[in-house]
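Trainee: My questions all concern the structure below.
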Amino acid sequence: MGSVLDGVARELRVGGLTPFTSIDFPGRLSAVVYVQGCPLRCGYCHNPHLQQRRAGTAMRWAHVLDWLERRLGLIDGVVFSGGEPTVDPMLGQAIGQVRALGFSIGLHTAGTHPRRLQALLPDMDWIGLDIKAPLDDLAVYDGITGIRGSGIHAGACLQAVLDSGVAYEVRTTAHPLWLDEPALLKLAQGLVRRGARRFVLQIARSTAQQSAPIVPDYPSPAAMRQLTGLFEHFSVRQA
């Protein structure tokens, strides 16, 4: 007979919850479920407390699901974020449960698990995919994430998303401490060659693990003009 802890182990590991947001899922009022665990170690991570994959978390998925059921008619969608949500093998089951309630599904991912993402795509309504560096410069990519092979996985996830037809945005958190202007433009040009048409540049102002001073002229006006011309949809936000 299984124990209560066995049941918890088979649940999505929830690291936090935002009950209402209008900015994390374009066009939809949503809740955000933060999944515990991330294999990457990016120096600018805003949620380092979610990096460790803990056996027990303060918030039970069963309780979150009950709460979501009471939110029907108040919000339109649920976004799974992190951490890195695809690290959790129970993510697919959790998405199915939320979709069965009638919610649209959004996903924030850094593209760490291509096979899992591929399996999830039929249940997705929108994906925000983080690309950290030029995908054809794997040494730089792995230097930012701290994980060998992360650029290869991200490239495979990008192609899967683009081939799926699911609505998406590709976004990059940028600062000259880790992406100088030539590298940023190289990244963007590589995305276009792979077929990306929507790109959001997130300008970093501060980081959790290091100081990132404000650089008023980054990217330069000339670089911004190039970026704007590369994509059908291009926007800038502050990270």
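The values are calculated or read from the model by the stated rules, or taken from the named source; none is laboratory data. For clarity, every value in this text was computed on a predicted model and none was experimentally measured. Note that we place each Cβ from the backbone using ideal geometry, even for glycine, and neighbour counts take in every protein chain shown. Areas reflect the complete protein model, heavy atoms only, side chains present, ligands, DNA and RNA absent. Shrake-Rupley method; radii C 1.70, N 1.55, O 1.52, S 1.80 Å.
Trainee: Pop out the ³J(HN,Hα) list for segment 27-42 in order, Karplus 6.51 cos²θ - 1.76 cosθ + 1.60 with θ = phi - 60°, rounded to Hz; leave Gly and Pro as x.
Mentor: After applying 6.51 cos²θ - 1.76 cosθ + 1.60, I find x, 9, 7, 9, 9, 10, 9, 9, 8, 7, x, 7, x, 8, 9, 5 Hz.
Trainee: Separate question: Taking H as built 1.01 Å from N, whose amide H comes closer than 5 Å to the amide H of G16, not counting residues under 5 places away?
Mentor: Close amide H contacts, sequence-distant or interchain: Y34.
Trainee: Still on this model: Relative contact order, percent, of the chain when contacts are C-alpha pairs under 8 Å separated by at least 6 residues? Display every interim value, and only then the final one.
Mentor: Details: 454 pairs, mean separation 39.4, N = 239.
Contact order relative to length: 16 percent.
Trainee: By average Cβ neighbour count within 10 Å, what is the ranking of 128-135, 79-86, 219-226 from highest down? The partial results should precede the final answer.
Mentor: On the way: 128-135: 23.4, 79-86: 25.9, 219-226: 13.5.
Going by the mean number of other Cβ atoms within 10 Å, highest first, we get 79-86, 128-135, 219-226.
Trainee: Right, next: Report the gain in length on full extension from Q238 to R194: 0.36 nm times residue separation, minus Cα-Cα distance, nm rounded to one decimal. Spell out each step's value before the answer.
Mentor: Numbers: separation 44, 0.36 × 44 = 15.84 nm, distance 2.54 nm.
So the extension gain works out to 13.3 nm.
Trainee: Sticking with this one: Taking 0.36 nm per residue of sequence separation and subtracting the Cα-Cα distance, how much length would be gained by fully extending the chain between A139 and H46, in nm to one decimal?
Mentor: Length gained between A139 and H46: 31.2 nm.
Trainee: Shifting gears a bit: Using alpha-carbon positions, what is the distance between the centroids of segment 109-124 and segment 129-186, in Å?
Mentor: 16 Å
Trainee: May I ask you to rank W67, W61 by accessible area, largest first, using a 1.4 Å probe over the protein chains only?
Mentor: Working: W67 55, W61 10 Å².
Largest to smallest exposure gives the sequence W67, W61.
Trainee: Follow-up. Accessible surface of I75 in the full protein assembly, 1.4 angstrom probe, to the nearest 10 Å²?
Mentor: Accessible area, nearest 10 Å²: 10 Å².
Trainee: Set Lys and Arg Cβ to +1 and Asp and Glu Cβ to -1, take the dipole of the chain about its Cα centre, and tell me which of A183, V166, T21 lies farthest positive.
Mentor: Selected residue: T21.
Trainee: Related question: Suppose R0 equals 41 Å. What FRET efficiency, 1/(1 + (r/R0)^6) with r the Cβ-Cβ distance, do D217 and D123 give to the nearest 0.05? Provide the component values of the computation, followed by the final result.
Mentor: Values: r = 43 Å, r/R0 = 1.04.
My answer for the efficiency is 0.45.
Trainee: Another one. Given segment 11-78, what percent of its DSSP beta bridges are antiparallel, to the nearest 5? Walk me through the numbers before you get to the answer.
Mentor: Details: 6 of 9 bridges.
Antiparallel bridges: around 65 percent, rounded to the nearest 5.
Trainee: Also, I was wondering about something else. Starting from the Cα-Cα distance between L72 and Q93, subtract it from 0.36 nm times their residue separation and give me the gain in nm to one decimal.
Mentor: Values: separation 21, 0.36 × 21 = 7.56 nm, distance 1.93 nm.
That pair, L72 and Q93, stretches by 5.6 nm at full extension.
Trainee: At a 1.4 Å probe radius, which order do M59, M90, M124 fall into by accessible area, largest first?
Mentor: M59, M90, M124
Trainee: Right, next: Evaluate the charge dipole of the chain about its Cα centre and quote only its size in Debye, nearest 20, assuming +1 on the Cβ of each Lys and Arg and -1 on the Cβ of each Asp and Glu. Please list the in-between numbers first.
Mentor: Details: 23 positive and 20 negative charges, 29 e Å.
With only Lys, Arg, Asp and Glu charged at Cβ, the dipole is about 140 debye.
Trainee: Return the FRET efficiency for the residue pair R10, A100: r is the Cβ-Cβ distance, R0 is 25 Å, and the value is rounded to the nearest 0.05.
Mentor: Working: r = 18 Å, r/R0 = 0.70.
FRET efficiency, R10 to A100: 0.90.
Trainee: I'd like the Karplus ³J(HN,Hα) series for segment 172-179: coefficients 6.51, -1.76, 1.60, θ = phi - 60°, whole numbers in Hz, and an x wherever there's a Gly or Pro.
Mentor: Residue by residue, segment 172-179 yields 10, 8, 10, 7, x, 4, 10, 9 Hz.
Trainee: Something else now. Given a Förster distance of 22 Å, report the FRET efficiency between I23 and A183 from their Cβ-Cβ distance, rounded to the nearest 0.05. Please list the in-between numbers first.
Mentor: Numbers: r = 27 Å, r/R0 = 1.24.
According to the calculation, E is roughly 0.20.
Trainee: Taking the Cα centre of segment 19-106 as origin, work out the dipole magnitude from +1 charges on Lys and Arg Cβ and -1 charges on Asp and Glu Cβ, in debye rounded to 20. It would help to have the intermediate numbers written out before the result.
Mentor: On the way: 8 positive and 6 negative charges, 30 e Å.
Approximately 140 debye in magnitude.
Trainee: Sticking with this structure for a sec: Springs between alpha-carbon atoms under 10 Å, Gaussian network over the chain: tell me which of G111, G15, G43 tops the mean-square fluctuations.
Mentor: Greatest mean-square fluctuation among the candidates belongs to G43.
Trainee: To check you understand DSSP bridge types, tell me what percent of the beta bridges within the chain (both residues inside) are antiparallel, rounded to 5. List each step's numbers first, then the result.
Mentor: Values: 6 of 37 bridges.
So the antiparallel bridges amount to about 15 percent of the total.
Trainee: Please list, short to long, the whole-number percent of alpha-carbon pairs of the chain in consecutive 10 angstrom bins beginning at zero.
Mentor: Once binned at 10 Å, the Cα pair distances of the chain give 7, 32, 36, 19, 5, 1, 0.
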